[in-house]
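Shown next, in structure tokens, is the structure this report addresses.
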Amino acid sequence: MKTKKKNARRYYLHHRLRKSIPEVRLKTRERTLFVGVSLQEHAQENKYVKQLLQLGYSLQTEIE
């Protein structure tokens, strides 16, 4: 049952993040968020990104 709650939470965070920053790319198997250089500061301040980072995701910058 805990796994189902964790997956639901992760899905919710992904959905909210895609609505707030549509340019971000997510790779769930690698637990990585890819953000463009111009949006890096905005992404680091985003509350959904912070929560995903607490869940073990890493934030990487893409060169545009």
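Rule-based calculations on the coordinates, nothing more; no lab input. All values derive from a computational prediction rather than experimental measurement. Glycine gets a Cβ as well: all are built from the backbone with ideal geometry, and neighbour counts include every protein chain shown.
Annotations for the structure displayed:
- Subset of region 27-52 that is among the hydrophobic types (A, V, I, L, M, F, W, C) and surrounded by fewer than 19 Cβ atoms within 10 Å (Cβ to Cβ) - its residue that is nearest to Tyr12 (Cα to Cα): Phe34
- Selected residue (criterion: nearest to Leu17 (Cα to Cα)) from residues of region 29-64 that are in contact with a helix residue (DSSP H, G or I) (Cβ under 9 Å, 6 or more places away or on another chain) and of a type in the set (Val, Ile, Thr): Val49
- Hits in region 46-64 (condition: aliphatic (A, V, I, L, M) and farther than 18 Å from Thr3 by Cβ): Val49, Leu53, Leu59, Ile63
- For the chain, the helices (runs of 4 or more DSSP H) that sit wholly inside it and include 1 or more residues that are among the hydroxyl-bearing types (Ser, Thr, Tyr) are 2-20, 47-54.
- Residue within region 3-24 that is touching a residue at least 40 places away in the same chain (Cβ under 8 Å), under 10 Å from the mean Cα position of the chain (by Cα) and surrounded by 15 or more Cβ atoms within 10 Å (Cβ to Cβ) present: yes
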